[in-house]
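Engineer: Dumping the structure here so I can ask a few things about it.
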Amino acid sequence: MRITCVGGGPAGLYTAVSAKLRNPADEVVVLERNPAGVTQGWGVVFWDDLLDALHRNDPPSARAVRDAAVVWDGQLLRVGDRPPVYLGGSGYAVGRHALLAILAARARDLGVDVRFGSPADGDDVAADLVVAADGAGSRLRTERADAFGTEVLPGRHKYIWLGTRRLFPTFTFGFVETAAGWLWCHAYQFDPATSTFIVECPTSTWAGLGFDRMELPDCLRTLESCFAGQLDGHELMAGAPGSGSASWLNFRRVGNRRWSDGDVALVGDAAHTTHFAIGSGTALAMLDAISLADHVNAGPDLGTALRAYEDERKAALRPFAEEADRSTAWFEQSVGRLPGTDDVQLAWSLWQRRTSAPRWRYYLHLGTQHAPVRRARMLASSARRAVRARRRELLT
């Protein structure tokens, strides 16, 4: 079988890796329009459940991803200059450039033909299976939008994906009030020297601060002033090495009634998007890749395989979509409650934005505001990570 993956992001590269692992004789090609090393974005987050799935699928690349990642332990909410409030939770973050380099190298080791600087045109796309892994703005999907039943809904808020040398080993939500309204950041460290710093705000705040008319350098300096308390004198960076410059965007919620049309299948953001506030986009794309490869390998024919893939992944995605909707609504509705709110209660509300938590967790949340309890939670998280890591190695 000849498989062409259009798009050299995590979805396309990991589909290629997964397909080649199952059928080494298949001819698998990845077409990426950008040159090698050029991609948008800074760091992405994931959790142990993804590492478990990656280890079951391909231990060498899973180990490389884990080795390149950093752990963020705990979460922190800070409103203006008010004292911070702490939450539990932990996870991993890895630079998008590092992740793509790992996946491209692994794909080539397995015999995948990875072509950077290669737009998906003409005979290059011809294959038994064409995988549209070219993101939320997928050209392949757009060309067949009626067949896929594509729906794209823009979000209400503006956001910009930036970086900084200020390290955030604790995942930080920082809210600041300006004369034009509220801004907030999602910040987390993803390598030894760099953190992601996503800024989000209502459109009214964005326009009121003049960002709709401002050149990017002036925008960065304004944001540095607004977030001076979080950045501690560090600058914001608009473009990671080897990437283009950042810009303000509206998040696009992408959905499709069907994920395949003939010989074309959708994976990752081309098939679905989940808001960055729940940090699951990269993980879901890579799980799509595993599922697609499994079903194509096992299916009696391509059409049956693609329908089974779609059914499995849509069912798996449903709870994430619901959590993303809840999380998005929380940020849209909570801004007006920030002045005068008890921050401990606000943080508890933030913790529950994805799903309701049992009552005992509320008392744990109250205890987490005390340093000894925080340290105990971090030690427990570290122990759980170690146990899961050991279990992964024993099973692979």
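The values are calculated or read from the model by the stated rules, or taken from the named source; none is laboratory data. In this text the structure is predicted, and so the values were computed from the model without any measurement. Here Cβ is always computed from backbone atoms with ideal geometry, including for glycine, and neighbour counts include all displayed protein chains.
Engineer: Mind checking which residues of the stretch 35-53 are over 16 Å from the mean Cα position of the chain (by Cα) and under 25 Å from Tyr92 (Cβ atoms)?
Structural biologist: Within the stretch 35-53, Ala36, Gly37, Val38, Asp52, Ala53 qualify.
Engineer: Check whether at least one residue in the stretch 230-239 is closer than 27 Å to Trp47 by Cβ, within 17 Å of the chain's Cα centre (by Cα) and not basic (Lys, Arg), and report yes or no.
Structural biologist: no
Engineer: Right, something else. Exactly one of these conditions fails for Val38: (1) surrounded by fewer than 24 Cβ atoms within 10 Å (Cβ to Cβ); (2) hydrophobic (A, V, I, L, M, F, W, C); (3) touching a Cys at 6+ places or on another chain (Cβ under 6 Å). Give me its number.
Structural biologist: Going through the list (1) surrounded by fewer than 24 Cβ atoms within 10 Å (Cβ to Cβ); (2) hydrophobic (A, V, I, L, M, F, W, C); (3) touching a Cys at 6+ places or on another chain (Cβ under 6 Å), Val38 breaks only (3).
Per-residue answers, yes or no, for (1) part of a loop (DSSP other than H, G, I, E, B); (2) crowded, with 16+ Cβ neighbours inside 10 Å; (3) at pLDDT 95 or above:
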| site | (1), (2), (3) |
| --- | --- |
| Val335 | no, yes, no |
| Gly340 | yes, no, no |
| Leu346 | no, yes, no |
| Thr355 | yes, no, no |
| Tyr363 | no, no, yes |
| Leu366 | no, no, yes |
| Arg375 | no, no, yes |
| Val387 | no, no, yes |
| Glu393 | no, no, no |
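Engineer: Asp52 passes all but one of (1) among the charged types (D, E, K, R); (2) closer than 25 Å to Trp182 by Cα; (3) out of contact with any Pro (no Cβ under 6 Å at 6 or more places or on another chain); which number fails?
Structural biologist: If we test Asp52 against (1) among the charged types (D, E, K, R); (2) closer than 25 Å to Trp182 by Cα; (3) out of contact with any Pro (no Cβ under 6 Å at 6 or more places or on another chain), just (2) comes out false.
Engineer: So is Arg66 within 17 Å of the chain's Cα centre (by Cα), under 25 Å from Ser90 (Cα atoms) and of a type in the set (Lys, Arg) or not? Step through it out loud before you land on a result.
Structural biologist: Details: within 17 Å of the chain's Cα centre (by Cα): yes; under 25 Å from Ser90 (Cα atoms): yes; of a type in the set (Lys, Arg): yes.
So Arg66 fits the description; yes.
Engineer: Next question. Test Ser138 against the criterion of being over 30 Å from Cys219 (Cα atoms), of a type in the set (Ser, Thr, Tyr) and surrounded by 14 or more Cβ atoms within 10 Å (Cβ to Cβ), and give yes or no.
Structural biologist: Numbers: over 30 Å from Cys219 (Cα atoms): no; of a type in the set (Ser, Thr, Tyr): yes; surrounded by 14 or more Cβ atoms within 10 Å (Cβ to Cβ): yes.
Taking the combined requirement at face value, the residue does not satisfy it.
Engineer: Is it true that some residue in the stretch 278-286 is of a type in the set (Ser, Thr, Tyr), buried (at least 20 other Cβ atoms within 10 Å of the Cβ) and outside any helix (DSSP H, G or I)?
Structural biologist: Looking for residues that are of a type in the set (Ser, Thr, Tyr), buried (at least 20 other Cβ atoms within 10 Å of the Cβ) and outside any helix (DSSP H, G or I), one finds at least one in the stretch 278-286, hence yes.
Engineer: Filter the stretch 169-198 down to residues that are of a type in the set (A, V, I, L, M, F, W, C), over 15 Å from the mean Cα position of the chain (by Cα) and assigned to a strand (DSSP E or B) and give me whichever is farthest from Gln230 (Cα to Cα).
Structural biologist: Trp182
Engineer: For the stretch 83-132, which positions are polar (S, T, N, Q) and within 24 Å of Ala69 (Cα to Cα)? Give the steps one after another, and end with the answer.
Structural biologist: Taking the stretch 83-132 as the starting set, the residues that turn out to be polar (S, T, N, Q) are 90, 118.
Answer for the stretch 83-132, where residues must be polar (S, T, N, Q) and within 24 Å of Ala69 (Cα to Cα): just Ser90.
Engineer: Only residues in the stretch 371-386 that are touching a residue at least 12 places away in the same chain (Cβ under 8 Å) and among the hydrophobic types (A, V, I, L, M, F, W, C) count as the first member; pair them with residues that are assigned to a helix (DSSP H, G or I) and surrounded by fewer than 11 Cβ atoms within 10 Å (Cβ to Cβ), Cβ under 9 angstrom, at least 6 apart or cross-chain, and list the lot.
Structural biologist: Partner pairs satisfying both residue conditions: none exist.
Engineer: Inspect the stretch 97-117 for any residue being surrounded by 14 or more Cβ atoms within 10 Å (Cβ to Cβ) and either of a type in the set (Ser, Thr, Tyr) or farther than 30 Å from Lys20 by Cα (or both) and give the result as yes or no.
Structural biologist: no
Engineer: Let me ask you something else. Within the stretch 244-293, which residues are among the basic types (Lys, Arg) and modelled with pLDDT of 95 or more?
Structural biologist: Arg257, Arg258
Engineer: Another one. Could you identify the single residue in Glu322, Glu312 that is closer than 20 Å to Asp261 by Cα, acidic (Asp, Glu) and part of a helix (DSSP H, G or I)?
Structural biologist: After ruling out the rest, the residue left standing is Glu312.
Engineer: Over 23 Å from Leu99 (Cα atoms), in contact with a strand residue (DSSP E or B) (Cβ under 6 Å, 6 or more places away or on another chain) and acidic (Asp, Glu): does that describe Glu235?
Structural biologist: no
Engineer: How many of the residues in the stretch 1-57 are in a strand (DSSP E or B), over 25 Å from Arg390 (Cβ atoms) and not aliphatic (A, V, I, L, M)?
Structural biologist: 6
Residue-wise test of (1) of a type in the set (Val, Ile, Thr); (2) buried (at least 22 other Cβ atoms within 10 Å of the Cβ); (3) part of a strand (DSSP E or B).
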site	(1), (2), (3)
Glu224	no, no, no
Gly229	no, no, no
Ala246	no, yes, no
Arg252	no, no, yes
Gly255	no, no, yes
Asp269	no, yes, no
Ala289	no, yes, no
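Engineer: Give me the pairs: first residue in the stretch 193-207 and farther than 14 Å from Leu162 by Cα, second residue of a type in the set (Val, Ile, Thr) and part of a helix (DSSP H, G or I), beta-carbon distance under 8 Å, and six or more apart or on different chains, which are they?
Structural biologist: Sorted first by the residue in the stretch 193-207, then by its partner, the pairs are Pro202/Val335.
Engineer: Continuing with the same structure: Restricting to the stretch 255-289, give me the number of residues that are within 17 Å of Thr15 (Cβ to Cβ) and of a type in the set (Ser, Thr, Tyr).
Structural biologist: Final tally of qualifying residues: 2.
Engineer: Output the residues belonging to the stretch 61-120 that are acidic (Asp, Glu) and in contact (Cβ under 8 Å) with a residue 60 or more places away in the chain.
Structural biologist: Passing the criteria: Asp73, Asp81, Asp113.
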